[in-house]
Amino acid sequence: MSDRRTRLNASVLYLVCDAQPDAFLREALRGGVDIVQLRVKDDSDESILETASRYRRLCAESGALLIVNDRPDLARAADADGVHIGQDDDSVRTARALVGPERLIGLSTHSPEQVTTAGRAGVDYIGVGPVHATPTKPGRPAVGLELVHYAATHSVLPFFAIGGITTENIAAIRAAGASRAAVVRALSEARDPEAVARELHAGLTGERTNVGAA
């Protein structure tokens, strides 16, 4: 197993964000973020690569993995650890041809059928959601905890529950069978990203924490 896949298997907390200041990312990483996905929709390729280079350095400092959203070509150009694609993005085969055999490929799933077929698609992990309705996925209906439970009992791949996950509902996510989660606003809008990351991480692992939500 490659180093990247070993680190993926050990990962618990996954942050999805756009271009953010170094200070924010350092706080989130100190709090326990294991994977950072750079998701930027409207910037130029040059700008995305500049941000990815900065993120790669920060992730390397803490041993976190860096994923680029949607663009396997930019993931390779940025020397990121992988790419995350959606059901409507480039096919897994195309993405694999672009990023090579060693980089990771993540795939979004929204139904039991997609969770099941992902195990045969050649990806390394899946996102399962959105568990709750979220403005980061407008028009995408919430799948609820039922799909999390389905993934926990049927997925042969590591999976990250995603969509409206907060410190208030992380216990229910874990109770449904998830040991990994991806968050967006829970950290990007937090007054204290490090404290919130610690609480989310503890909520997924069952570790005790005295840190309150920010």
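The values are calculated or read from the model by the stated rules, or taken from the named source; none is laboratory data. A quick note: this is a predicted structure, and the numbers were derived from the prediction, not measured. Please note: Cβ atoms are built from the backbone with ideal geometry, for glycine as well, and neighbour counts cover all protein chains shown. These area figures cover heavy atoms from the full protein model, side chains too; ligands, DNA and RNA do not enter into them. Shrake-Rupley method; radii C 1.70, N 1.55, O 1.52, S 1.80 Å.
Among the candidates LEU58, LEU29, LEU25, LEU13, the residue that is over 23 Å from VAL92 (Cβ atoms) and in contact with a His (Cβ under 9 Å, 6 or more places away or on another chain) is uniquely LEU13. Might you let me know whether segment 45-52 holds any residue that is open to solvent by 10 Å² or more (accessible area, probe 1.4 Å), under 30 Å from GLY206 (Cα atoms) and modelled with pLDDT of 95 or more? The answer is no; no qualifying residue exists. Restricting segment 3-18 to residues that are in a loop (DSSP other than H, G, I, E, B) and open to solvent by 50 Å² or more (accessible area, probe 1.4 Å), the residue that is nearest to GLU189 (Cα to Cα) is ASP18.
ASP79 meets the conditions (1) farther than 20 Å from SER108 by Cβ; (2) part of a strand (DSSP E or B) in every case but one. The failed one is (2).
Restricted to segment 67-102, and to residues there that are in contact (Cβ under 8 Å) with a residue 60 or more places away in the chain and within 15 Å of the chain's Cα centre (by Cα), the residue that is most open to solvent (accessible area, probe 1.4 Å) is ASP81.
For segment 44-66, a tally of residues being within 21 Å of GLY106 (Cβ to Cβ), without any contact (Cβ under 8 Å) to a residue 40 or more places away in the chain and not in a helix (DSSP H, G or I) returns 2. When ILE105, ILE173 are checked against the criterion of being within 30 Å of ALA78 (Cα to Cα), at pLDDT 95 or above, β-branched (Val, Ile, Thr) and not in a loop (DSSP other than H, G, I, E, B), ILE105 stands alone in meeting it.
For segment 138-161, the criterion of being open to solvent by 20 Å² or more (accessible area, probe 1.4 Å), under 16 Å from ASP70 (Cβ atoms) and modelled with pLDDT of 95 or more is met by no residue.
Pairs linking a residue in segment 104-125 that is at positive phi to a residue that is surrounded by fewer than 18 Cβ atoms within 10 Å (Cβ to Cβ) and not aliphatic (A, V, I, L, M), with Cβ atoms under 9 Å and 6 or more positions apart or on different chains, are GLY122/ARG93. Selection over segment 176-197 of residues that are within 14 Å of the chain's Cα centre (by Cα) and outside any loop (DSSP other than H, G, I, E, B) gives a count of 8. The single condition among (1) farther than 21 Å from PRO130 by Cα; (2) crowded, with 19+ Cβ neighbours inside 10 Å; (3) touching a residue at least 60 places away in the same chain (Cβ under 8 Å) that VAL33 does not satisfy is (1).
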